[in-house]
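A quick write-up on the structure given underneath.
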Amino acid sequence: MRRVFVMLVIISFAGTAIAQDLGNSRELPEKNTPTVTYVPPGEPKQGGDTIGDATVIPGLPYSNTGTTAGYVDDYDEICPYDTPGSPDVVYSFTPDSDIHIDVDLCGSYYDPKIYIYDVDLNTIACNDDYYSNEPRGVSVSFIERVPLLAVNPNCIALDGYGRVRGVYIRHVTQCDA
């Protein structure tokens, strides 16, 4: 019986010690984490994600490089393949006079598709797989002699075939009819 009593006394002291607030025995140093403020870039380096935020092409000829990676799949046209799922990048161009343009993705590093929409968002040109061999690229798009009307905004969407995304090289030039 004496053992039971001693055990109960030990357990009661142990329970009391565990339940006591012993407090902080040392002071913690103050955190000195710098505040980082996000500053958006002054100019986008490539196209917009939708027609609503398309990057404006200021004039022709126009060339740039970018990527469709990280963008959303907003557009898909059948030309001739219906393969939704690839992210797309969008540019807009408004000519001062009636002109014809070529859009060339020669040298792009994936299987791209190109669509050109008029002011009413009707597809006026579309291409997939113009080039079929090196050195211009395999399954790379090119649209030639597309008529654009003066002072009407047009959108150029760069898409991909079958859920692919990648680095594009794009040239937009004025051409003869």
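The values are calculated or read from the model by the stated rules, or taken from the named source; none is laboratory data. The structure displayed is predicted, hence computed values, not measured ones. Reconstructed Cβ throughout: ideal geometry from the backbone, glycine too, with neighbour counts over all protein chains shown. These area figures cover heavy atoms from the full protein model, side chains too; ligands, DNA and RNA do not enter into them. Shrake-Rupley method; radii C 1.70, N 1.55, O 1.52, S 1.80 Å.
Remarks
- Boolean, Ser92 is modelled with pLDDT of 95 or more and small (Gly, Ala, Ser): yes
- Filtered by the rule that a residue be open to solvent by 20 Å² or more (accessible area, probe 1.4 Å) and among the polar types (S, T, N, Q), the range 93-110 gives Thr94, Ser97.
- Applying the condition of being of a type in the set (A, V, I, L, M, F, W, C) and open to solvent by less than 80 Å² (accessible area, probe 1.4 Å) to the range 38-71 and asking which residue is modelled with the lowest pLDDT yields Ala69.
- Annotation: of all residues in the range 124-177 being small (Gly, Ala, Ser) and within 12 Å of Lys113 (Cα to Cα), the one that is surrounded by the most Cβ atoms within 10 Å (Cβ to Cβ) is Ser141.
- Test: residue in the range 131-144 that is more than 19 Å from Gly47 (Cα to Cα), at pLDDT below 95 and among the aromatic types (Phe, Trp, Tyr): yes
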